[in-house]
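So that we are looking at the same thing, I have put the structure below in structure tokens.
The values are calculated or read from the model by the stated rules, or taken from the named source; none is laboratory data. Just so you know, these numbers come straight off a predicted model, no measurement behind them. Every residue, glycine among them, receives a Cβ derived from its backbone with ideal geometry; neighbour counts consider all protein chains shown. SASA here: full protein model, heavy atoms, side chains in, ligands and nucleic acids out. Shrake-Rupley method; radii C 1.70, N 1.55, O 1.52, S 1.80 Å.
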Amino acid sequence: MSMNLTQKILSSHLIEGEMVPTKEIAISIDQTLTQDATGTMAYLQFEALDIPRVKTGVSVSYVDHNMLQAGFENADDHRFLQTFASKYGIYFSRPGNGICHQVNLERFSKPGNTLIGSDSHTPTGGGAGMLAIGVGGLDVAVVMGGGPYYIKMPYVVGVELTGSLKPWVSAKDVILEMLRKLTVKGGVGKVFEYYGEGVNTLMVPERATITNMGAELGATTSIFPSDEITKQYFKQQKRLDDFKYISADPDAKYDEYITIDLSELEPMIALPGSPDNVVKVSEIEGTKVEQVIIGSCTNSSYKELMVVAAAVQGHKIDPGVSLHITPGSRQVLETITRNGGLAEMVSAGARIMESACDGCIGLGSSPASGTVSIRSFNRNWKGRSGTADDSVYLASPETCIAAALTGIITDPGKLGDYPVIDMPDNFVIDDSMIIQPSDDPDFVEVIRGPNIKPIPKITALSPDLKGKVLIKVGDDISTDAIMPAGPKVLPLRSNIPAISEFVFVNVDPGFAARAKENHGGIIIGGDNYGQGSSREHAALAPLYLEVKAVIVRSFARIHKANLVNFGILPLEFNDPESFGSLQQGDVLECKGIKELISSGAVIIPVQAGPVTIECSLDISSRQREIILAGGLLNYTRLKSC
Ligand code: MIC
Ligand code: SF4
């Protein structure tokens with residue numbers, strides 16, 4: 001039977017289940033990755049499983065998010081992660097080595113392999129033909145312990161690329177066009193698989209820009225075939241041994257089809273507020289800009305930064321603009337340092353930041369109040385930058401640099417001839433900042449500073465559900481809104497009691513106090529609740545505040561899985577109109593809910609005073625057992641007894 005690429009990889013890793021869309025399947029995982037902001041919790045959870053060494057082929061722990069060392073917390077976390085990796089058999093990519101997705105693509109990607117990572121942009125690996133999925137940290141912990149990864153079989157959308165990009169139009173414009181067409185909900189339950197002659201015109205890092213930002217579509221993942229161009233990339237990375245060709249069968253079928261003619265695309269830009277607020281750059285030319293940032297796991301590869309270097313050569317940036325550049329990895333930074341690209345940027349007036357997430361997660365580089373910032377990033381929800389009333393636009397490095405040079409939003413085509421960038425025969429390859437695990441784990445002591453607090457215990461589900469509506473929120477609530485990042489909150493990622501004080505702080509500062517006063521309760525939300533990041537703290541911290549259920553119109557994939565993993569009930573209104581009938585403060589009740597869940601009931605009647613609201617519990621039978629056990633950790637322990 002002919003198969004598309006997604007089906008090929010899934011079937012070669014299938015452990016359990018039928019590959020029928022929406023049915024749960026279990027697959028084996030070849031590689032895992034974590035970053036520091038999710039990693040501390042993932043490793044504490046792995047430790048709770050009491051397994052001496054990871055059982056995965058390759059597991060890598062990166063430090064790239066919490067880089068600001070304004071107190072002992074982040075440095076303590078880095079040391080914990082380094083010693084933990086050494087003891088338990090995990091590679092450790094040191095702070096300064098680069099952003100997890102960029103470094104993983106360069107040094108660990110393997111076409112045809114499966115990868116899960118505790119970061120929503122893990123699909124970056126799809127640029128090199130991997131099936132790479134973003135998940136919660138606990139899922140990574142269980143897989144490192146030897147378990148399979150469970151997921152709903154996705155629908156596979158074939159995205160045919162035809163033609164080739166015009167000068168000054170780049171991969172970011174392709175994914176912005178996808179977001180314009182499909183919106184941030186358009187990819188839920190789907191994999192986007194790219195094929196067609198246009199694929200041959202994109203290099204691996206360009207493909208990775210597209211798969212990276214497929215996360216903003218809500219997709220399970222996105223993938224490109226591994227072909228001659230991929231081979232060239234592995235040659236440059238001196239990793240030809242890891243390369244193999246893999247692509248869809250010529251007569252492969254897809255569940256849905258989309259075609260994008262690359263030759264017709266123009267520079268695109270996402271307006272403030274949401275990555276799917278996309279228009280053509282030409283439509284908003286002339287808007288005054290005060291900050292430009294080029295970097296993040298979406299757009300900070302060698303070619304992109306060399307285009308920027310060529311564009312600024314012999315010029316100075318506009319005096320009203322602050323230009324920040326964060327090279328994606330030390331490899332990119334060192335290569336552009338040695339070939340002079342970096343000198344051009346410095347000479348033009350750029351501020352060179354560390355190879356890390358930096359402003360993307362609001363850890364520095366916040367713009368001034370009320371100003372416009374254009375970033376080559378992937379997310380622009382209100383407040384994520386750290387400045388409440390800024391206006392963050394998302395665009396390609398080309399559009400960003402045009403704004404930095406002119407001080408206004410400008411179509412980059414106006415900058416003149418598009419620079420031709422020759423790829424170096426070999427990148428600077430130096431893995432000295434990737435530390436191998438110890439051969440003698442018994443002699444490695446895991447060092448914990450005072451910021452590392454034990455993970456909270458979760459009790460099994462109570463027979464009845466009863467609680468007040470603690471908050472009612474609307475559509476597209478991101479995990480950034482539930483559990484914000486930024487310099488104040490991020491250092492508390494390994495300290496659940498402390499971080500729980502910040503749940504919904506930017507939406508309703510009284511939330512945590514109210515939750516405590518009421519001994520927990522219920523959250524009500526609209527469509528696509530929990531979109532965005534994989535941070536399980538958006539489930540774990542509400543759980544600490546005794547939130548028992550979240551009732552919404554629909555969920556984003558990773559967040560729903562995280563709620564189940566921590567024993568919080570993810571319920572969806574059967575009739576979306578029911579959302580309108582509930583208010584903050586209402587008392588909701590479902591007597592005998594435990595019984596209903598064990599009996600496999602899909603419809604859960606929730607009583608709001610005299611009114612019965614029908615909700616559905618759309619989870620697998622395995623997930624029911626997880627909820628009943630009080631979360632995945634308890635369930636996994638019970639199973640292994
Ligand atoms: C993000 O881009 O929001 C993050 C920060 O990388 C998150 C992970 C986290 O919150 O630690 C993600 O995308 O999963
Ligand atoms: Fe880091 Fe931003 Fe990428 Fe998240 S999206 S991994 S914060 S660079």
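Take the alpha carbon atoms of region 38-83, find their center, do the same for region 152-174, and report the distance between the two centers in whole angstrom.
34
For region 590-641, what is the convex hull volume of its Cα atoms per residue in Å³? Don't skip to the end; give the middle numbers.
Working: hull volume 3.9 nm³, N = 52.
Taking only Cα atoms, region 590-641 has a hull volume of 75 Å³ per residue.
In region 95-131, which residues have a backbone nitrogen under 14 Å from the label point lying 7 Å from Asp241's Cα in the Cα-to-Cβ direction?
Only 108 pass the distance filter.
Give the span of region 322-368's Cα atoms along each principal axis, as three whole-Å numbers ordered largest to smallest.
Between the extreme Cα coordinates on each principal axis of region 322-368 lie 32, 22, 8 Å.
For region 14-102, what does the relative contact order come out to in percent, with C-alpha contacts under 8 Å and a separation of six or more?
It comes to 29 percent, rounded to a whole number.
When all alpha-carbon pairs of region 409-470 are counted, what percent fall beyond 17 Å? Walk me through the numbers before you get to the answer.
On the way: 1517 of 1891 pairs.
Summing the P(r) tail past 17 Å for region 409-470 gives 80 percent.
With n ≥ 4 as the cut-off for DSSP H runs, can you work out [θ] at 222 nm for the chain, using -39500 (n - 2.57) per run divided by the number of residues, rounded to the nearest 500?
Working: 22 runs with 187 residues, N = 641.
Result for the chain: -8000 deg cm²/dmol, rounded to the nearest 500.
Another question, if that's okay. As a test of reading the structure, rank Ser59, Ser347, Ser86 by solvent-accessible area (1.4 Å probe, protein chains only), most first.
On the way: Ser59 0, Ser347 60, Ser86 30 Å².
Largest accessible area first, the list is Ser347, Ser86, Ser59.
Using only C-alpha atoms and all pairs of different ones, pull out the Kirkwood radius for region 400-550 in Å with one decimal. The partial results should precede the final answer.
Numbers: mean 1/r = 0.0502 Å⁻¹.
Kirkwood hydrodynamic radius for region 400-550: 19.9 Å.
Still on this structure: Before anything else, pin down the relative contact order of region 574-627: Cα pairs under 8 Å, at least 6 apart, normalised by residue count, whole percent. Don't skip to the answer; put the middle values down first.
On the way: 49 pairs, mean separation 18.2, N = 54.
Dividing the mean separation by the residue count of region 574-627 yields 34 percent.
Over all directions, what mean area does the Cα convex hull of region 298-427 project, stated in square nanometres?
Orientation-averaged projected area of the Cα hull: 7.3 nm².
Still on this structure, I have one more. Kirkwood Rh over Cα pairs of region 515-628 into Stokes-Einstein at 37 °C, 0.692 mPa s: D in µm²/s?
Result for D is 230 µm²/s.
What number, in nm² with one decimal, is the all-direction average of the projected area of the convex hull of the alpha-carbon atoms of region 389-438?
Numbers: hull surface 30.3 nm².
With the hull built on Cα positions only, its mean projection is 7.6 nm².
If you count only protein heavy atoms with a 1.4 Å probe, what accessible area per residue comes out for the chain, rounded to a whole Å²?
Values: 22390 Å² over 641 residues.
About 35 Å² of surface per residue is accessible.
Please report the relative contact order for the chain, taking Cα pairs under 8 Å with a sequence separation of at least 6, and give it as a percent rounded to a whole number. Display every interim value, and only then the final one.
On the way: 1634 pairs, mean separation 92.0, N = 641.
Over the chain, the number comes to 14 percent.
Okay, moving on. Report Rg (one decimal) and Dmax (nearest whole number) for region 433-503, counting Cα atoms only, units Å.
Using the Cα atoms of region 433-503, the pair Rg, Dmax is 18.6, 53 Å.
Once you have the Kirkwood Rh of region 24-89 from its Cα pairs, apply Stokes-Einstein at 20 °C and 1.002 mPa s and quote D in µm²/s.
Numbers: Rh = 12.9 Å.
For the chosen part, D equals 167 µm²/s.
Something else: Using per-residue counts of other Cβ atoms within 10 Å, averaged over each peptide, order 434-447, 247-260 from highest down. Present the calculation step by step, with values, prior to reporting the outcome.
Details: 434-447: 12.9, 247-260: 14.4.
Those peptides, ordered most packed to least, come out 247-260, 434-447.
Binning every alpha carbon pair distance of region 475-570 at 5 Å from zero, what are the percents per bin?
Calculated P(r), rounded to whole percents: 3, 15, 27, 29, 18, 6, 0.
Taking loop as defined by DSSP and a crowding limit of 13 other beta carbons within 10 Å, which trypsin sites (Lys or Arg not before Pro) in region 537-611 fit?
Numbers: sites: Lys548, Arg553, Arg557, Lys560, Lys591, Lys594; in loops: Arg553, Lys591.
Sparse-neighbourhood loop trypsin sites (Lys or Arg not before Pro): Lys591.
Now for a separate question. Report, in debye and to the nearest 20, how large the dipole of the chain comes out about its Cα centre when Lys and Arg carry +1 and Asp and Glu carry -1 on their Cβ. Could you put the intermediate results ahead of the total?
Values: 56 positive and 74 negative charges, 244 e Å.
Value, rounded to 20: 1160 debye.
How do 465-476, 186-197 rank on mean C-beta neighbours within 10 Å, highest first? Could you put the intermediate results ahead of the total?
Details: 465-476: 19.6, 186-197: 21.7.
Final packing ranking: 186-197, 465-476.
If you wrap the chain's Cα atoms in a convex hull and average its projection over all directions, what's the area in nm²? It would help to have the intermediate numbers written out before the result.
Working: hull surface 105.9 nm².
One quarter of the hull surface, i.e. the mean projection, equals 26.5 nm².
In region 78-213, carbon and sulfur make up what percent of the accessible area (probe 1.4 Å)? Working shown, then result.
Details: 1330 of 2830 Å².
Answer for region 78-213: carbon and sulfur cover 47 percent of the accessible area.
Taking only Cα atoms of region 157-277, what ratio of Rg to Rh do you get with Rh as the Kirkwood inverse-distance radius?
Working: Rg = 14.4 Å, Rh = 14.9 Å.
Value, to two decimals: 0.97.
Ranked from the most accessible area to the least, with a 1.4 Å probe and all protein chains present, what is the order of Val199, Val611? Walk me through the numbers on the way to the answer.
Values: Val199 5, Val611 75 Å².
Solvent-accessible surface, decreasing: Val611, Val199.
Another question, then. Write down, largest first, the equivalent ellipsoid semi-axes of region 1-122 in whole Å, where each equals the square root of 5 times an eigenvalue of the alpha-carbon gyration tensor. Let's see the in-between values first.
Working: eigenvalues 185, 52, 30 Å².
Those come to 30, 16, 12 Å.
For region 40-195, state what percent of all Cα-Cα pairs lands in each successive 5 Å bin, counting from 0 Å until the bin that includes the largest distance.
Reading upward from the zero bin: 2, 8, 15, 19, 18, 14, 10, 8, 5, 2, 0.
Next up: Leaving out ligands, DNA and RNA, what percent of the accessible area of region 502-641 is carbon and sulfur, probe 1.4 Å? Show your work: numbers first, answer last.
Values: 2780 of 5220 Å².
After summing per-atom areas, the C and S share lands at 53 percent.
What whole number of Å gives the distance from the Cα centroid of region 450-524 to the Cα centroid of region 262-282?
Cα centres, region 262-282 to region 450-524: 34 Å.
Could you tell me the distance between the Cα centroids of region 344-358 and region 400-414, to the nearest Å?
Region 344-358 and region 400-414 have Cα centres spaced 17 Å from each other.
Now for a separate question. Of all trypsin sites (Lys or Arg not before Pro) in region 263-350, which ones are in loop regions per DSSP and have a Cβ with at most 11 other Cβ atoms within 10 Å?
On the way: sites: Lys280, Lys288, Lys303, Lys316, Arg330, Arg338; in loops: Lys316.
Answer by residue number: Lys316.
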